[in-house]
Amino acid sequence: MTKTNSILQDSFGRDHAYLRISLIEKCNLRCSYCMPEEGIQLSPKSHLMTCNEIYTIAKTFVDNGVTKIRLTGGEPLIRKDIPEILQKLATLNVELSITSNAVIIDRFIDILKANGVKKINVSLDTLDRDKFKQITRRDQFTKVYNNILLLIKEGFIVKVNAVLMNDFNENEIIDFINLTKDLPVSIRFIEFMPFDGNKWNMSKMVSYKQVMNLVNANFNKNEILRLQDAPNDTSKNYKIKGYKGSFAIISSVTNPFCDSCNRLRLTANGQLKNCLFSSTESDLLTTLREGNPIEPVIKKAVEAKFKIRGGMNTLKKLQEPKLHSQNRSMITIGG
Ligand code: SAM
Ligand code: SF4
């Protein structure tokens, strides 16, 4: 175990330069893999971080080495004070990006640009309007699709996140890849992950291997180019020769990328999660509100980070429903 002075280095020597901040627990969609059917117990408003608190906590992380902040949720853009939050965070010396379902993102183009946001990840799991309505429980496909085109036209770097599920959208993998022929977009296929209330089971998940088998069956070997992954990238990136865009697979279940993990997560109610799969949290917001320094709490939380998937280091453990329910639903973590 390494001893270090940096509060953002864990006991395995991993430095954490990337903070994902969830701004809100609510969403204007209801994706079944993310939000339990019965809804979730929302935190009282007074328990959520205010704009100033988000800034203060984010600044502490930046002062200690964070260089990238991604805003997420729930749906971050439905938070009323999102313009102020963007403006305040833009004053920090970080790369600021956002993950959104893009339903209302057309109203925010200028604000995003003015605050230096260049990279936007958008969720879209199907190219079929009826299936979109089925998975998100809302009829917003056309809006989202048109907004993806708008973001590209406006010059943003757009990644599209598609959570793959057997008997739902595994038959659209090639259609998604074909989209990259003319669109300069990266389609990221995400292995369906278990969280509280999302009725996960291994048979619903489409694996990295399954995706690549399909790709190999549909394209010639010499057309499939393996791209160089960025450092700390969670995805394995590919491109079809001559296509404008690319595609990638995020294999958190079958092939976790924990060795190079540099991420920490802050929930909308101010809890620090040292891993997406971790069932333990550290209460930064209460510490801040009590007037105490948050650095020691951050240091302890980072030091306690498990080597692999919040301690679920085997596929057997990952499949234990008891362990999923100790974690939050994804909508209250922020993916
Ligand atoms: N509302 C925004 C959106 O949908 O992009 C941001 C929040 S959402 C929780 C962030 C990401 O988490 C989305 O790309 C979504 O697809 C992903 N996600 C949610 N539940 C998931 C699950 N069970 N397995 C894999 N990815 C999931
Ligand atoms: Fe909302 Fe995003 Fe979760 Fe879908 S994945 S319910 S859009 S937070």
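The values are calculated or read from the model by the stated rules, or taken from the named source; none is laboratory data. All figures in this text were calculated on a predicted structure; none of them were measured in a lab. Virtual Cβ from ideal backbone geometry, glycine too; neighbours counted across all protein chains shown.
A few comments on the model shown:
- Neighbours by Cβ (under 6 Å, 6+ apart or cross-chain): first from the stretch 12-40, within 14 Å of ligand 2 (Cβ to nearest atom) and outside any loop (DSSP other than H, G, I, E, B); second modelled with pLDDT of 95 or more and polar (S, T, N, Q): 20/72; 22/72; 22/267
- Residues that are out of contact with any strand residue (DSSP E or B) (no Cβ under 9 Å at 6 or more places or on another chain), away from ligand 1 (no atom under 16 Å from the Cβ), of a type in the set (A, V, I, L, M, F, W, C) and within 25 Å of residue 285 (Cβ to Cβ), drawn from the stretch 11-52: 51
- Among the numbered conditions (1) of a type in the set (S, T, N, Q); (2) more than 15 Å from ligand 1 (Cβ to nearest atom); (3) farther than 17 Å from residue 249 by Cβ, the only one that residue 198 does not meet is (2).
- Answer residue from the stretch 189-239, given it is in a strand (DSSP E or B) and within 24 Å of residue 313 (Cβ to Cβ) and is nearest to ligand 2 (Cβ to nearest atom) among those: 190
- Inspection of the stretch 50-62 finds no residue satisfying the criterion of being within 28 Å of residue 106 (Cβ to Cβ), not in a helix (DSSP H, G or I) and not hydroxyl-bearing (Ser, Thr, Tyr).
- Condition check for residue 289: under 16 Å from the mean Cα position of the chain (by Cα) and not hydroxyl-bearing (Ser, Thr, Tyr): no
- Extreme residue, farthest from ligand 2 (Cβ to nearest atom), among residues of the stretch 41-84 that are under 30 Å from residue 231 (Cβ atoms) and among the charged types (D, E, K, R): 63
- Tally, over the stretch 180-205, of residues that are buried (at least 20 other Cβ atoms within 10 Å of the Cβ), closer than 19 Å to residue 121 by Cβ and of a type outside the set (D, E, K, R): 9
- The stretch 250-293 - residue that is out of contact with any strand residue (DSSP E or B) (no Cβ under 8 Å at 6 or more places or on another chain) and within 24 Å of residue 80 (Cβ to Cβ) and, of those, surrounded by the most Cβ atoms within 10 Å (Cβ to Cβ): 269
- Residue match in the stretch 257-274 (condition: closer than 22 Å to residue 166 by Cα, out of contact with any His (no Cβ under 6 Å at 6 or more places or on another chain) and polar (S, T, N, Q)): no
- Residues located in the stretch 92-118, provided they are charged (D, E, K, R) and either closer than 22 Å to residue 136 by Cβ or without any contact (Cβ under 8 Å) to a residue 40 or more places away in the chain (or both): 95, 106, 107, 110, 118
- Every pair of residues 6+ apart whose Cβ atoms lie under 6 Å, when the first sits in the stretch 190-209 and is free of Cβ contacts under 8 Å to residues at least 40 places away in the same chain while the second is in a loop (DSSP other than H, G, I, E, B) and not hydroxyl-bearing (Ser, Thr, Tyr): 204/166; 204/192
- Number of the condition not met by residue 295 [criteria: (1) within 17 Å of the chain's Cα centre (by Cα); (2) farther than 19 Å from residue 308 by Cα]: (1)
- Restricted to strands (runs of 3 or more DSSP E) entirely inside the stretch 240-335, those with at least 1 residues that are within 16 Å of ligand 1 (Cβ to nearest atom), of a type in the set (A, V, I, L, M) and modelled with pLDDT of 95 or more are 246-250, 263-266.
- For the stretch 109-122, the set of residues classified as within 16 Å of ligand 2 (Cβ to nearest atom) and crowded, with 22+ Cβ neighbours inside 10 Å consists of 120, 122, listed by residue number.
- In the stretch 41-80, residue farthest from residue 96 (Cα to Cα) [restricted to those that are surrounded by fewer than 16 Cβ atoms within 10 Å (Cβ to Cβ) and acidic (Asp, Glu)]: 53
- Some residue of the stretch 101-110 being aromatic (Phe, Trp, Tyr) and either in contact with a Lys or Arg (Cβ under 8 Å, 6 or more places away or on another chain) or within 29 Å of residue 9 (Cβ to Cβ) (or both): no
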